[in-house]
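The values are calculated or read from the model by the stated rules, or taken from the named source; none is laboratory data. Being a predicted model, the structure only gives us computed values, none of them experimental. Note: ideal-geometry Cβ built from the backbone for every residue, glycine included; neighbour counts use all protein chains shown.
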Amino acid sequence: MNYTKDNIGDFRSLIVYQKSAIYVKKIYEIVNNLPAIEKYNIADQMRRAVSSVTANIAEGYARISYKEEYSFLNISVGSISEVRSFLDLCLMMGYISEEDYKLLDKDAEEILKMLIGKMQSIRRITG
């Protein structure tokens, strides 16, 4: 069975990419308001983790192999989970409000479900 794509489309057309890109902006806005002491700690880690989500969706989608795309989506799953972990810390430290936390965590969960759905689609194709 052939596990390669017939063509590679534009990753920007993926809803999960679009939602993730908007989420990056939201997280950057939160990070910009963190205390200066967190500039090279939580802030830096959150920026890298959240930008990794969109970057890995794009890179995976550009791969001709479904298995490679799956692998990059798996990295995105880990990255969005990492962001959620840092949101937990931000809430515990009092850096963000409960309201912001709930909204951002809900967005992250939606992205996570979309990533997993895309991975399941690939699994159905590749067996």
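Structure notes:
- Residue match in segment 91-101 (condition: in contact with a Pro (Cβ under 8 Å, 6 or more places away or on another chain), among the hydroxyl-bearing types (S, T, Y) and touching a residue at least 24 places away in the same chain (Cβ under 8 Å)): yes
- Residue check for I15: exposed (fewer than 15 other Cβ atoms within 10 Å of the Cβ), at pLDDT below 95 and over 30 Å from G94 (Cα atoms): no
- Qualifying residues in segment 39-51 (those that are crowded, with 19+ Cβ neighbours inside 10 Å and not β-branched (V, I, T)) - the one farthest from the chain's Cα centre (by Cα): A43
- Looking only at segment 82-97, and only at residues there that are touching a helix residue (DSSP H, G or I) at 6+ places or on another chain (Cβ under 7 Å) and assigned to a helix (DSSP H, G or I), the one that is farthest from A49 (Cα to Cα): L91
- Every test in (1) in contact with a strand residue (DSSP E or B) (Cβ under 9 Å, 6 or more places away or on another chain); (2) aromatic (F, W, Y); (3) more than 30 Å from N7 (Cβ to Cβ) is passed by Y66 save one, and that test is (3).
- Scanning segment 78-111 for residues that are aliphatic (A, V, I, L, M), more than 18 Å from A43 (Cα to Cα) and buried (at least 18 other Cβ atoms within 10 Å of the Cβ) yields a single hit, I111.
- Test: residue in segment 59-68 that is aliphatic (A, V, I, L, M) and either assigned to a helix (DSSP H, G or I) or surrounded by 16 or more Cβ atoms within 10 Å (Cβ to Cβ) (or both): no
- Among residues of segment 1-26, those that are under 11 Å from the mean Cα position of the chain (by Cα), over 15 Å from I75 (Cα atoms) and of a type outside the set (S, T, N, Q), counted: 5
- Looking across segment 49-70 at every residue that is in contact with an Asp or Glu (Cβ under 7 Å, 6 or more places away or on another chain) and of a type outside the set (G, A, S), the one that is farthest from Q18 (Cα to Cα) is identified as R63.
- Selected residue (only one of I42, I30, I64 is in contact (Cβ under 8 Å) with a residue 24 or more places away in the chain, of a type in the set (A, V, I, L, M, F, W, C) and out of contact with any Phe, Trp or Tyr (no Cβ under 9 Å at 6 or more places or on another chain)): I64
- Taking the numbered list (1) closer than 20 Å to Q120 by Cβ; (2) buried (at least 17 other Cβ atoms within 10 Å of the Cβ); (3) of a type in the set (V, I, T) in turn, V31 passes all entries but (1).
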